[in-house]
1. State yes or no: is B:GLY405 more than 8 Å from chain A (Cβ to nearest Cβ), crowded, with 24+ Cβ neighbours inside 10 Å and either touching a Gly at 6+ places or on another chain (Cβ under 7 Å) or hydroxyl-bearing (Ser, Thr, Tyr) (or both)?
2. So, in segment A:336-385, exactly how many residues are part of a helix (DSSP H, G or I) and in contact with a strand residue (DSSP E or B) (Cβ under 6 Å, 6 or more places away or on another chain)?
3. If only one of A:PHE119, A:PHE82, A:PHE100 is aromatic (Phe, Trp, Tyr), out of contact with any His (no Cβ under 8 Å at 6 or more places or on another chain) and not in a helix (DSSP H, G or I), which one is it?
4. Pick out the one residue from A:MET184, A:MET204 that is hydrophobic (A, V, I, L, M, F, W, C) and surrounded by fewer than 19 Cβ atoms within 10 Å (Cβ to Cβ).
5. For A:PHE63, work out the one condition from (1) closer than 30 Å to B:ILE473 by Cα; (2) more than 14 Å from chain B (Cβ to nearest Cβ); (3) without any contact (Cβ under 8 Å) to a residue 60 or more places away in the chain it doesn't fulfil.
6. Regarding segment A:414-422, can at least one residue be identified that is touching a residue at least 24 places away in the same chain (Cβ under 8 Å) and over 21 Å from A:PRO502 (Cα atoms)?
7. Consider B:GLU459 carefully, then state whether it is more than 9 Å from every other protein chain (Cβ to nearest Cβ), part of a helix (DSSP H, G or I), among the acidic types (Asp, Glu) and under 23 Å from the mean Cα position of the chain (by Cα).
8. Here are the criteria: (1) buried (at least 23 other Cβ atoms within 10 Å of the Cβ); (2) within 11 Å of chain A (Cβ to nearest Cβ); (3) in contact with a Ser or Thr (Cβ under 7 Å, 6 or more places away or on another chain); (4) not small (Gly, Ala, Ser). Tell me which single one B:ILE484 does not satisfy.
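The values are calculated or read from the model by the stated rules, or taken from the named source; none is laboratory data. Computed from a predicted structure; not experimentally measured. With ideal geometry, Cβ positions are generated from the backbone for all residues, glycine too; neighbour counts draw on all protein chains shown.
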Amino acid sequence: MLGLLWLIPVIPLIGFILLAIIGPRLSRTAVAIIGVGSVGISAILAILVAISFISSPPAGNAFTQTLWTWINVTNFNPGISFYLDSLSMIMVLVVTFVGFVIHLYSAEHMLHQEGYSRFFAYMNLFVGSMLILVLANNLLLLYLGWEGVGLCSYLLIGFWYTNPANGRAARKAFIVTRVGDAAMAIGLFLLFNNLATLNIQDVMQRAAQTWQIGSPLAVTAAALLLGGAVGKSAQLPLQTWLPDAMAGPSPVSALIHAATMVTAGVYLIARTHVLFSLAPSVQLAVAIVGAATLLLAGFSALTQWDIKRVLAYSTISQIGYMFLALGVGAWSAAIFHFMTHAFFKALLFLAAGVVIDAMNDEHNMFKMGGLRTQLPLTFWTFLIGSSALSALPLITSGFYSKDLILFDAYASPSGSTWLWLAGLVGAFLTSIYTFRMVFLTFFGKPKTKAVYQPGSRINLALIVLAAFALLIGFLETPSFLGNINVLGNFLSASLPATSILPQRAGSEGILELVSAVISLVGIYLAYLLFLRVPKTTEAMVQSPVGAVLHRYWFSGWGFDWLYDTVLVRPFVWMANSNKNDFIDLLYKGIIRLNEALHRVLSNTENGLVRWYATGIAIGAVIIIAIVVFL
Amino acid sequence: MNLGLHLLSLVTFFPLVGVLVILFLNDQQKTAIRWTALLTTLATFGLSLLVLLQFSTSNPDLQLVERATWVNIGGGEISYFLGVDGLSILLLLLTTFLTPIAILSTWDAVQDRVKGFMIFFLLMEIGMSGVFLAQDLVLFFVFWEFSLVPMYFLIGVWGGPRRIYAAIKFFLYTMAGSILMLVAILWLGLYQGTFSLPDLIAKGGLPATTQLWLFLGFAIAFAVKVPLFPLHSWLPDAHVEAPTAGSVILAGVLLKMGAYGLLRFNLSLFPQASIQLAPWLAAIAVIGILYGAAVAFVQKDMKKLVAYSSVSHLGFVVLGLFALTPSIAIQGSILQMINHGVSTGALFLIVGMIYERRHTREMDRLGGIWKVMPVYGALSLIVILSSIGLPGMNGFVGEFSILLGSFLSTVPYSPWFAGIAALGVILAAVYLLHMFEKVFLGPLNNPENAGLKDLRPREILTLLPLLVMIFWIGLYPKPFFALITPSVAKLAAALQTAAMTSIH
């Protein structure tokens, strides 16, 4: 069964090629069958492979499959090879399964859009690339998948290309992430330079052998990889592209900009965790980046009126939690939150897509309201997703994954009370902005009538994701709530267990209680602020301090403005002022000089005998002088 | 096979057969002329494949050598000396591969004086093949100068509105550099008593200062051709004015002659000087990468944008060459020459296709044409992405090898050069996606663009071989590296030895 591994990424790629070449001539049904079916087959294969992987684990709990040697120059020979261990297995399962559900949803959601086959071609290419990314056994192949998903993100953000704003958003996403990618590429050079391999497992092994903890090379290499990770995962300081990326269709936001691609940075760090363990300062930076991002994005989410932008900032913030977990060495907690987040955030985006369609392409939550009764199923599933996002205690997956991170941030040796506190404040913000969204959209007086009801495929997708958003949390529960460790045990073959300081281990129950209360208080506050007394809230926003904060938060803390002023404008200005390539002036100067000389000399050729005679006389004098005096 | 003895001469001069046939055709028999040219160049490509078949990848030395004494001047022997090795085999193949594609692209585009056009085009191919095969300095110089003439006429006769200016500029720049090279060739040949390149390399023993001067003599000629910053300003004009097929060959092959010259002559003949000057050349290359990218970004004319992108991309090639050791950088450079030929050749074809339809290359007058030309849009996107260096396509393999090699290099400051050059990779995305967005995305506002017809089968056929190469090199570059590796390893070893001796 494991031998089928290579088919998992290849089948979506075949789907892509088919759709790219013959797609435009196929009927919509045929396009949907190829587009959705290819990912479906991939998901079934993934499950089969997983069953075989679990029931009869391969030697060393990992399985490598090489298709061919990609590049071989002297001693540099990365292959097209896949590496399956428990970490990549989890990633493959989530990517194919969530991917399939989102494709199913898209088959209906995109049905009346122009470019139906183009959409599915890109989506299939994305799933294929994402699977290559997570299955790659060497960093170069990982980089191939990494850039491939970036390309699909570019193409899908700009899917409705006739609107110039979408094209700009797409380009921004591609270029900002490419800044991180360039850093990552340099990191690969550095690794290869010092360890003479890019095979991930070999890199880990040799790094641990050759580098001391905290050695400058390890720190630099880890920092450069972190550069790639913050770009792809939209963390500080490269987070600015994600809110704009919402220009793409909702399923794209769900699949690429919530569930899978944006978590590639988390995967990269978990995959190369040995490097980060060798560089404690960088690992601390990962935790701080995560904590700072989750707070900043949380505040920004509070002020958005566009339902998708709330979710975008929320995604940035939730990935911040994953980074926080990685930073304190809680590797499996990060992957756990990745899993739960993939389900509940995809669910929220898909449900938001239904809402937007029902509101006739309206994104502004303040123009919505009372949709609870008009879109009941959407409401209930959205509510489940929101509860999971707000970590509603006991029944939702978000509670188990987020509170595990909070506990680890407090109790692991590299954790601290400050990191925990940042996470806790973030959790408070999360439940406020999430239920602000719920109350504004689904409660209150209906402002417009829903013009559309979702069909069976969309409903099915929502129900499946909602079920997972509730249930998947039970893979890993705290010690006083059953102490289930299915996921942690499974991942322990690939990722080291999280160490807990013994003196802080006992506080788990208290911490869970605190965060449970925080979550509920946040929801209640949202109820007060946005449903009970919205006037007071408006007054707060309009107060001098409130207005300033609102402006900063709304614009994502002014990062766009900063980059625009410091980088983009100066570059454009410099390039523009040199539009005509000043170097050419140099050569034009030579021409002018020649012409001037020509004019001067041609003056001497004037046919006047006395000029010539004078010339001869002066010349003779000079030559005699030279002969005599030298 | 008896043919093998003169195979290289046959490849080089085979286009003459076509020239001869065309001479007997009437200027009005356009189709016949076109077919003659196409078939001739296809046959030449076939012959070059025969060269490939006879080429042994395990042999680092010159192969299929043809050598005959030509003249003696002042004790220096000039010979007719052809040979091929890992440094040149791919470039020969690139030449014979791109020429028929370029000719195919002129099918509708060139209607005027087809006879003269095709004759010059075939002569051009002789010059280019000769440059890559000649192993005697004087013979090399003859081919080098010879290739200048047909391109001068191609630009000057079949070019755009400012064609005369551009043609003269092209000619003068190259000539100015060539004069210096000629002086260096004569000095070197007379000093050593031979003009044969392998003999000169074997003799070696040039004093360090002499090496330096001779190095510069050659390097400036080649730098104009590459073109290296700040000697590049002929290129945008030449490209903008040249007919599409001319641009394809100019970017695809002619620029490679410069980079090839640096590799074949400067690195081999003057190893000590190369080591001494490597940081300077690498620095200039990096400046060129960034400068070309910045200027490309603000161009309004698609062709000018692509022309400046060449300045940036060729910077990578030169950076790789002057990373010297380990050999991965030079291997990457050679492969990147091929990649640039393929990708930029394809970019110029793409620009030509829209120009034929709209008679403008101003991006402001285009926009939103994906809607009316989806096939064209998709193929353009692939080519643009390959030029950006997306993994899985050709550009990435070359760029990555160059940057990796440069990072590992022992040349002073080279990790910094690699790091800064990586910015060029970001900027490539900036200007090329900018172009893509301006031309293909956005609303279809201009009514003149609304009625555009998508690509015809012949146009797709023109692009198809290039697309195949883009993915072949991107996904399975092994056979290409296999051709390059032994000869580069030999060169790298020589450089290594030179580095050791210059330390002592």
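1. Working: more than 8 Å from chain A (Cβ to nearest Cβ): yes; crowded, with 24+ Cβ neighbours inside 10 Å: yes; either touching a Gly at 6+ places or on another chain (Cβ under 7 Å) or hydroxyl-bearing (Ser, Thr, Tyr) (or both): yes.
So B:GLY405 fits the description; yes.
2. Residues meeting the conditions: 1.
3. Residue meeting the stated conditions: A:PHE82.
4. When all the criteria are applied, what remains is A:MET204.
5. Evaluating A:PHE63 over (1) closer than 30 Å to B:ILE473 by Cα; (2) more than 14 Å from chain B (Cβ to nearest Cβ); (3) without any contact (Cβ under 8 Å) to a residue 60 or more places away in the chain leaves (3) as the failure.
6. Yes, because at least one residue in segment A:414-422 is touching a residue at least 24 places away in the same chain (Cβ under 8 Å) and over 21 Å from A:PRO502 (Cα atoms).
7. Values: more than 9 Å from every other protein chain (Cβ to nearest Cβ): yes; part of a helix (DSSP H, G or I): yes; among the acidic types (Asp, Glu): yes; under 23 Å from the mean Cα position of the chain (by Cα): yes.
For B:GLU459, the condition - more than 9 Å from every other protein chain (Cβ to nearest Cβ), part of a helix (DSSP H, G or I), among the acidic types (Asp, Glu) and under 23 Å from the mean Cα position of the chain (by Cα) - is met.
8. (3)
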